[in-house]
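Trainee: Structure incoming, see below.
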Amino acid sequence: MTDKSANLVLGDKGVEFAVKSGTIGPDVIDIGSLYKQTGAFTYDPGFTSTASCESKITYIDGDAGVLLHRGYPIEQLAEHGDFLETCYLLLYGELPSAAQKKDFDYRVTHHTMVHEQMTRFFTGFRRDAHPMAVMCGCVGALSAFYHDSTDITDPHQRMVASLRMIAKMPTIAAMAYKYHVGQPFVYPKNDLDYASNFLHMCFAVPCEEFKVNPVLARAMDRIFILHADHEQNASTSTVRLAGSSGANPFACIAAGIACLWGPAHGGANEAALNMLAEIGSVDRIPEYVARAKDKNDPFRLMGFGHRVYKNYDPRAKIMQKTTHEVLAELGHKDDPMLQVAMELERIALTDEYFIEKKLYPNIDFYSGITLKAMGFPTTMFTVLFALARTVGWIAQWAEMIEDPQQRIGRPRQLYTGAPQRDYMPISKR
Ligand code: CMC
């Protein structure tokens, strides 16, 4: 709470609201009593000015291009740590000691297998099903397999469910991939680290030895770190809203996956790569830039712009470096798609339209090119985002459950439909 207050005059009535300050970032006006005091609601479609909760997990300064997890800059976590360390940080609030890290890694590693009957779920889907459709179904189904961790009032069960999801998501994602390409499922290997194990489950086949390339494993791990959490975005808000009713965590994460699928959110990396493929060559870029600027054309440059970042997305900068490392390792440096991406980035960063609207490349712009080079089909891109974001969703869900102020989320509306009227028998209509 601050000693500042906000005053609202509505008709002839003046109302005062308390103003709360966070550690950093904008103050918020606590309008919780607005309806009681005035009989009016606030109206904010898309929640552009609405803080939906109090949180200690992630902070974004979109104007400065800053992203902090529990206070630590994303650049430092991506440069010096690994994904499971970031998971620990998001879940528990502090970086682990060496012993804590060892124990956490062990617990995650030893929960990576899924119930054998889960394989039947996969085989029930059509082979050509989008892997995100498979993910929504299979992750939602986890609550039917792990009953012993669905009591959300028990802190121990909550933590078991959290570890299970972080541990099993790569296995489920890899199974979705294997089913999609018609290859046998590959079981997790406990002597591999989190990212290497995932690559092994995706790309190994029973008929030959598969050695994980350490450069690709490091890139995969970094992609996971960069996607781990992003405060109250659409899918995280979906998870919180689903969880606010008391739904079990597996069901809530399935809801988050469904929301992430959309092209304005997690589906943008797939859409960005499809767009680069459609542009095809550098000489066609001006045509697409002109379309993006044309008010009468719904086309948008996918991978550009962000609701919160009005500066370079800090994750995009790290991702750009990782993209170059992966393409150099795989000998794809002259990849025409990368040439198109680099030129598009150059034009957009110098073009008046993009500068004025503060449209910078976002993380999805680079992650798609990297994942493609690593051998993933575009349909898997959002699945990998979901895998990495699971820890963020689960940390935010747990924070909400533990918040004494937590109540079911129930937004109100401005009703503009028909006023009350009488039913007319069908013969008289
Ligand atoms: N290309 C061309 N013009 C754009 C773009 C774009 N990618 N993004 C926004 N604009 C324009 C838009 O037309 C509008 O112009 P005007 O003010 O003249 O009407 C202005 O910029 C503001 O756009 P907005 O739609 O009001 O902004 P928003 O905050 O609602 O949308 C966004 C943010 C990310 C949905 C949008 O920028 C977009 O659709 N980008 C492409 C999809 C994409 O890359 N999404 C990934 C987001 S990052 C990953 C994640 O967090 O999930």
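The values are calculated or read from the model by the stated rules, or taken from the named source; none is laboratory data. Bear in mind that the values here come from a model prediction, so they are computed numbers and not experimental data. In this analysis, Cβ positions are derived from the backbone assuming ideal geometry, glycine residues included, and neighbour counts consider all displayed protein chains. The area values use the complete protein model at the heavy-atom level, side chains included, leaving out ligands, DNA and RNA. Shrake-Rupley method; radii C 1.70, N 1.55, O 1.52, S 1.80 Å.
Trainee: Evaluate the relative contact order of the range 151-288 (contact order divided by residue number), counting alpha-carbon pairs under 8 angstrom at least 6 apart; express in whole percent. Let's see the in-between values first.
Mentor: On the way: 93 pairs, mean separation 22.5, N = 138.
For the range 151-288, the relative contact order is 16 percent.
Trainee: Ok, one more. Please tell me the relative contact order of the chain in percent, rounded to the nearest whole number, where contacts are Cα pairs under 8 Å and at least six residues apart.
Mentor: Values: 587 pairs, mean separation 82.8, N = 429.
Worked out over the chain, it gives 19 percent.
Trainee: So, by mean Cβ neighbours within 10 angstrom, what's the order for 380-388, 172-180, 137-145 with the highest one leading?
Mentor: Working: 380-388: 26.8, 172-180: 23.9, 137-145: 20.2.
In decreasing order of mean packing, 380-388, 172-180, 137-145 become 380-388, 172-180, 137-145.
Trainee: So if we plug the beta-carbon distance of His147 and Asp27 into 1/(1 + (r/R0)^6) with R0 = 45 Å, what FRET efficiency do we get, rounded to 0.05?
Mentor: So the FRET efficiency works out to roughly 0.55.
Trainee: Return the distance in nm (one decimal) between the two label points of a simple spin-label model at Asp63 and Lys36, each offset 7 Å from Cα along Cα→Cβ.
Mentor: The modelled label-to-label distance comes out at 3.3 nm.
Trainee: Based on the alpha-carbon gyration tensor of the range 308-350 and its eigenvalue square roots a ≥ b ≥ c, which shape applies: rounded if a/c is under 1.5, prolate if not and a/b is larger than b/c, or oblate?
Mentor: oblate
Trainee: Under 10 Å from the Cβ of Glu399, count the other residues' Cβ atoms, weight Lys and Arg +1, Asp and Glu -1, and hand me the total.
Mentor: On the way: positive: Lys56, Arg240; negative: Glu54, Glu402, Asp403.
In short, -1.
Trainee: Further question on the same structure: For Lys293, project a label point 7 Å along Cα to C-beta. Then give me every residue of the range 309-351 with its amide nitrogen under 17 Å of that point.
Mentor: Residues passing the 17 Å test: 343-351.
Trainee: How many nm is it between the label spots at Gln413 and Glu209, if each spot is 7 Å from the Cα in line with the beta carbon?
Mentor: Going by the 7 Å Cα→Cβ label model, 6.3 nm.
Trainee: Along Cα→Cβ, 7 Å out, is where each label goes; now give me the distance between the ones at Ala328 and Glu54 in nm to one decimal.
Mentor: Result for the modelled spin labels: 4.7 nm.
Trainee: Taking all pairs of distinct Cα atoms, average 1/r, flip it, and tell me the Kirkwood hydrodynamic radius of the range 1-121 in Å to one decimal place. Could you put the intermediate results ahead of the total?
Mentor: Numbers: mean 1/r = 0.0537 Å⁻¹.
For the range 1-121, the Kirkwood estimate is 18.6 Å.
Trainee: With +1 on the Cβ of every Lys and Arg and -1 on the Cβ of every Asp and Glu, and nothing else charged, how large is the dipole of the range 179-267 about its Cα centre, in debye rounded to the nearest 20? Walk me through the intermediate numbers first.
Mentor: Working: 5 positive and 7 negative charges, 29 e Å.
Rounded to the nearest 20 debye, it is 140 debye.
Trainee: Here is a follow-up. Taking only DSSP H segments of four or more residues, each worth -39500 (n - 2.57), what value at 222 nm results for the chain once the sum is divided by all its residues, to the nearest 500 deg cm²/dmol?
Mentor: After summing the helix terms and dividing by residue count, I get -16000 deg cm²/dmol.
Trainee: Report, please, the projected area of the range 320-429 averaged over directions, based on the convex hull of its C-alpha atoms, in nm².
Mentor: 15.6 nm²
Trainee: OK, next. What does the charge dipole of the chain about its Cα centre add up to, to the nearest 20 debye, if the Cβ of each Lys and Arg holds +1 and the Cβ of each Asp and Glu holds -1? If you can, show how the numbers build up before the last one.
Mentor: Values: 43 positive and 49 negative charges, 259 e Å.
That gives a dipole near 1240 debye.
Trainee: Working out 0.36 nm times the residue gap between Tyr312 and Gln100, then minus their Cα-Cα distance, what length gain in nm do you get to one decimal? Don't jump to the answer; show the numbers that get you there.
Mentor: Details: separation 212, 0.36 × 212 = 76.32 nm, distance 3.45 nm.
Extra length from Tyr312 to Gln100 when fully extended: 72.9 nm.
Trainee: Share of the chain's accessible area from carbon and sulfur, percent, 1.4 Å?
Mentor: Working: 11580 of 21630 Å².
Carbon-and-sulfur percentage of accessible area, whole number: 54.
Trainee: What are the ³J(HN,Hα) couplings of the range 400-415, residue after residue, when phi is run through the Karplus curve with 6.51, -1.76, 1.60 and θ = phi - 60°? Round to Hz, x for glycine and proline.
Mentor: With coefficients 6.51, -1.76 and 1.60, one gets 5, 4, 7, 7, x, 7, 4, 9, 4, x, 8, x, 9, 8, 9, 7 Hz.
Trainee: Hey, another quick one. Got a sec to turn the phi values of the range 209-219 into Karplus ³J(HN,Hα) couplings, 6.51 cos²θ - 1.76 cosθ + 1.60 with θ = phi - 60°, whole Hz, x for Gly and Pro?
Mentor: Once θ is set to phi - 60°, the couplings for the range 209-219 become 5, 10, 9, 6, 6, x, 5, 6, 5, 5, 5 Hz.
Trainee: What number of lysine-lysine pairs in the range 302-429 show an alpha-carbon separation below 23 angstrom, given a sequence spacing of 8 or more or placement on distinct chains?
Mentor: Taking the range 302-429 as the scope, the lysine pair count is 11.
Trainee: Quick one: 3J(HN,Hα) in Hz for the range 49-62, Karplus 6.51/-1.76/1.60 with θ = phi - 60°, rounded, Gly and Pro as x.
Mentor: Calculated HN-Hα couplings, in order: 10, 10, 8, 8, 7, 9, 9, 10, 8, 10, 10, 10, 10, x Hz.
Trainee: I'd like the distance separating the alpha-carbon centroids of the range 361-424 and the range 97-128, in whole Å.
Mentor: 22 Å
Trainee: Using a Cα-Cα cut-off of under 19 Å, which aspartates and glutamates could be cross-linked to Lys36, ignoring same-chain neighbours fewer than 8 residues away?
Mentor: Cross-link targets: Asp12, Glu16, Asp44.
Trainee: Here is a further query. Kindly give the semi-axes, whole Å and largest first, of the ellipsoid equivalent to the chain, taking each as the square root of 5 times a Cα gyration tensor eigenvalue. Write down the numbers at each step before the final one.
Mentor: On the way: eigenvalues 261, 168, 117 Å².
Those come to 36, 29, 24 Å.
Trainee: Can you tell me, using C-alpha contacts under 8 Å and at least 6 residues apart, the relative contact order of the range 278-429 as a whole percent? Walk me through the numbers before you get to the answer.
Mentor: Values: 103 pairs, mean separation 40.0, N = 152.
Result for the range 278-429 is 26 percent.
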